Amino acid sequence: MSELSFRFAVPDDTPLILRFIRLLAEYEKMADLVTATEEELRGQLFEEKKAEVIFAVLDGKEIGFALFFHNFSTFLGRAGLYLEDLYILEEYRGKGYGKALFRELARVAVERGCGRFEWWCLDWNLPSIEFYRSMGALPMDEWTVYRIDGDTLRALGARTP
C-alpha cells in the first residue's frame, strides 16, 4: 500500500495551488467566481504570508490540498486555525486521504497551540457535511456569516468618519 505524506507548499507550487482552487470551485459550482491569479497567490501566500497550503502527497503526486490561516478568539485569548479550502482529487476520494489531511491540519493546530479549528461548509454539500461530522465537528447553527466585498468594501473603506 502506498504511504500518504504531507508537505507545505513553496512558491514554485503556485500553479498547482491555483489548479486545486479551480477544481474546488468547479465542484462547488462556483468556477465563475475564481478571479485569483498565480501572481496574486504567490504574493499573498509566500511574500505577505497571509495563508498557508499543505499538500497531501501519494507516490510523489499531490492528490489534495488544504489552504488555511490563523484567526483569533478573544474569548479564548488564543489563535485558531481557519480552514479556507480542503480538496481531494475525485479519483482519490473515499480512501481515507481527506481524513488524513484533516487530521494533519488538526495536528498543526495543536502543535501551534491553537484553541480552535474552524471552517465554513456550503449547506447543500451533504458529502462534506457528513465527512466533517464523522470527524467530530459540530455545526455552529446560531451564527450567521456576513460579508462585505467588491465595490461595497471599497466604498466603505474610502469613507471618513
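The values are calculated or read from the model by the stated rules, or taken from the named source; none is laboratory data. These numbers were taken from a predicted model, which means no experiment stands behind them. All Cβ positions, glycine included, derive from the backbone under ideal geometry; neighbour counts span all protein chains shown.
Arg133 is checked against (1) without any contact (Cβ under 8 Å) to a residue 12 or more places away in the chain; (2) within 16 Å of Ala56 (Cβ to Cβ); (3) part of a helix (DSSP H, G or I) and fails just one. What number does that condition carry?
It is condition (2) that Arg133 fails.
For region 106-161: of the residues being among the polar types (S, T, N, Q) and within 19 Å of the chain's Cα centre (by Cα), which is farthest from Tyr87 (Cα to Cα)?
Step by step, filter region 106-161, then rank; the result is Ser134.
So is Leu101 among the hydrophobic types (A, V, I, L, M, F, W, C), under 26 Å from Lys29 (Cα atoms) and in contact (Cβ under 8 Å) with a residue 24 or more places away in the chain or not?
yes
Is it the case that region 24-33 has a residue that's in contact with a strand residue (DSSP E or B) (Cβ under 9 Å, 6 or more places away or on another chain) and basic (Lys, Arg)?
Checking region 24-33: not a single residue is in contact with a strand residue (DSSP E or B) (Cβ under 9 Å, 6 or more places away or on another chain) and basic (Lys, Arg).
Just to be sure I understand the filter: pairs with C-beta atoms under 6 Å, separated by 6 or more residues or on different chains, first member in region 30-44 and of a type outside the set (Ser, Thr, Tyr) and surrounded by 13 or more Cβ atoms within 10 Å (Cβ to Cβ), second member at pLDDT 95 or above and assigned to a loop (DSSP other than H, G, I, E, B). Which pairs pass?
Once the first residue is of a type outside the set (Ser, Thr, Tyr) and surrounded by 13 or more Cβ atoms within 10 Å (Cβ to Cβ) and sits in region 30-44, its partners that are at pLDDT 95 or above and assigned to a loop (DSSP other than H, G, I, E, B) give Gln44/Lys50.
Is it true that some residue in region 149-156 is modelled with pLDDT under 90, small (Gly, Ala, Ser) and over 30 Å from Leu58 (Cα atoms)?
yes
Of the conditions (1) closer than 29 Å to Glu3 by Cβ; (2) free of Cβ contacts under 8 Å to residues at least 12 places away in the same chain; (3) of a type in the set (Phe, Trp, Tyr), Tyr146 clears all except one; give me its number.
(1)
Scan Tyr132, Tyr82, Tyr97, Tyr92 and give me the residue that is crowded, with 16+ Cβ neighbours inside 10 Å and closer than 21 Å to Leu41 by Cα.
After ruling out the rest, the residue left standing is Tyr82.
Out of region 125-147, which residues are within 21 Å of Lys29 (Cα to Cα) and out of contact with any Lys or Arg (no Cβ under 9 Å at 6 or more places or on another chain)?
Once the filter is applied, which keeps residues that are within 21 Å of Lys29 (Cα to Cα) and out of contact with any Lys or Arg (no Cβ under 9 Å at 6 or more places or on another chain), region 125-147 yields Asn125, Leu126, Ser128, Ile129, Glu130, Tyr132, Val145, Tyr146, Arg147.
Could you list all residues from region 136-161 that are assigned to a helix (DSSP H, G or I) and among the small types (Gly, Ala, Ser)?
Once the filter is applied, which keeps residues that are assigned to a helix (DSSP H, G or I) and among the small types (Gly, Ala, Ser), region 136-161 yields Gly150, Ala155, Gly157, Ala158.
In this structure, does Ile63 turn out to be farther than 21 Å from Leu33 by Cα, touching a strand residue (DSSP E or B) at 6+ places or on another chain (Cβ under 8 Å) and modelled with pLDDT of 95 or more? Reasoning before the result, please.
Values: farther than 21 Å from Leu33 by Cα: yes; touching a strand residue (DSSP E or B) at 6+ places or on another chain (Cβ under 8 Å): yes; modelled with pLDDT of 95 or more: yes.
So Ile63 passes the test.
Among the residues of region 47-77 satisfying the criterion of being of a type in the set (Phe, Trp, Tyr) and surrounded by fewer than 19 Cβ atoms within 10 Å (Cβ to Cβ), which is farthest from the chain's Cα centre (by Cα)?
This residue is Phe75.
Might you let me know whether region 41-62 holds any residue that is within 23 Å of Leu122 (Cα to Cα) and either among the basic types (Lys, Arg) or part of a helix (DSSP H, G or I) (or both)?
There is no residue in region 41-62 that is within 23 Å of Leu122 (Cα to Cα) and either among the basic types (Lys, Arg) or part of a helix (DSSP H, G or I) (or both).
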